[in-house]
Every structure is written in structure tokens, then in C-alpha cells.
Amino acid sequence: MRTTIAAWPLDAPPPADVPAGFRLPCARVGRDLRHLPSGARLPDGARWELSEEPGSGFLLGLGSARGLRYTLEADPYLPPGQLTALVAEQVQDHVTGYEFLQWPTCPGHVHLLVPAADPDDGERARWHCRRSGRPLVRIGDLRTGPWATT
Ligand SMILES: [Zn+2]
């Protein structure tokens, strides 16, 4: 029997009853979701949903009025970088597969960026170019248009 713990807006901090480990990953990916392809938008009421299922642990997903959702068995005790990359990957799979949005795309290329935990910093994760494998931007710092070249 699945128990819903909380639901909250994509770019808002989670409520207090959400385990602290979800705070950074959801805030970062939620912030990057503001930068969808021009003209594209998520369904009304898109939000994070966290539930708990005996035997599975925590299930994190996206919900909306018309049932946009995926569920990821998510461990809040993973290092923040690893959990950020995992959440980013699941959300990307969902929005490309079900919402038909290419998010996020590589500047200068047409492919999607690939999320991965930063090997040197357990707190962080980055979006990478699929072709060069190079890290381009931290997850949570995505921008539309020309990127700052710092
Ligand atoms: Zn690229």
C-alpha cells in the first residue's frame, strides 16, 4: 500500500516532512525545468510527488492534474551529486518520452545533454555533451540562450 508523503511545486523547496536528502536534487532539477525549449511547457500543476511503499522505500515522481508521472525508487541517503544525476535522468526520460520535449539540448548540437555525478565532488552533478563527453554546466545552473562562458 503506497503512502503519499508530500507533493510540492517543481521550483519550490520541499515541505518539512520530505527527507532532507531530496531537497538539493529536486531543487536543482526543478530549477533546470524552467528552461524548457522555447514555447514548450509542462502540464498544468506539474509538481514533485514523494510516496513511500513498504519493501520499495521512497518513490519520487512528477505529477500533474492530468497525471504526468514517473516514479523513481530513490534513496535519500545517496550522495547529493549521485541523486541529482539520477533524478535528472529520470525526469529527462519522462519529459522526452511522454511530453515529447527535448530537454535539455546541447548548445551547438541537436542532441540531449547527459546528466552525471561529478566524480570529484560528491555534492554536485553536471550536464554533459553526449558527443564530446565534456561537462558543460552544473545541474541546477542551466540557462536558455547563449551560456556564460566562464
Ligand atoms: Zn553536444
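Bear in mind these aren't lab numbers, they're just calculated from the coordinates by the rules spelled out. Because the structure is a prediction, the values reported are computed rather than measured. Every residue, glycine among them, receives a Cβ derived from its backbone with ideal geometry; neighbour counts consider all protein chains shown.
Values as computed for the structure displayed
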{"quantity": "Of all residues making up the range 99-126, the number that are within 14 Å of the ligand (Cβ to nearest atom), assigned to a loop (DSSP other than H, G, I, E, B) and more than 20 Å from Ala27 (Cβ to Cβ)", "calculated": "7"}
{"quantity": "Some residue of the range 81-98 being part of a helix (DSSP H, G or I) and within 15 Å of the ligand (Cβ to nearest atom)", "calculated": "yes"}
{"quantity": "Considering residues of the range 1-31 that are surrounded by fewer than 16 Cβ atoms within 10 Å (Cβ to Cβ) and β-branched (Val, Ile, Thr) only, the residue farthest from Ile139 (Cα to Cα)", "calculated": "Thr3"}
{"quantity": "Filtered residue count, the range 54-63, keeping only those that are in a strand (DSSP E or B), within 13 Å of Asp75 (Cβ to Cβ) and not aliphatic (A, V, I, L, M)", "calculated": "2"}
{"quantity": "Single match in Arg69, Arg34 (criterion: surrounded by fewer than 17 Cβ atoms within 10 Å (Cβ to Cβ), within 21 Å of Pro135 (Cβ to Cβ) and of a type in the set (Lys, Arg))", "calculated": "Arg34"}
{"quantity": "Some residue of the range 92-107 being hydrophobic (A, V, I, L, M, F, W, C), closer than 18 Å to Trp8 by Cα and surrounded by fewer than 19 Cβ atoms within 10 Å (Cβ to Cβ)", "calculated": "no"}
{"quantity": "Condition met for Leu113 (of a type outside the set (Phe, Trp, Tyr), in contact with a Cys (Cβ under 6 Å, 6 or more places away or on another chain) and free of Cβ contacts under 8 Å to residues at least 40 places away in the same chain)", "calculated": "yes"}
{"quantity": "Looking only at the range 51-66, and only at residues there that are surrounded by fewer than 17 Cβ atoms within 10 Å (Cβ to Cβ) and of a type outside the set (A, V, I, L, M, F, W, C), the one that is nearest to the ligand (Cβ to nearest atom)", "calculated": "Ser64"}
{"quantity": "Residue under evaluation Gly57, criteria (1) more than 12 Å from the chain's Cα centre (by Cα); (2) under 15 Å from Leu101 (Cβ atoms), criterion not met", "calculated": "(2)"}
{"quantity": "Given (1) within 16 Å of the ligand (Cβ to nearest atom); (2) surrounded by 13 or more Cβ atoms within 10 Å (Cβ to Cβ); (3) assigned to a loop (DSSP other than H, G, I, E, B), index of the condition Ser132 fails", "calculated": "(2)"}
{"quantity": "Near pairs, Cβ below 6 angstrom, 6+ apart or cross-chain, from the range 21-49 (under 17 Å from Leu59 (Cα atoms)) to any residue that is in a helix (DSSP H, G or I)", "calculated": "Leu24/Pro80; Pro25/Leu83; Pro25/Thr84; Pro25/Val87; Val29/Val87; Val29/Ala88; Val29/Val91; Trp48/Cys26"}
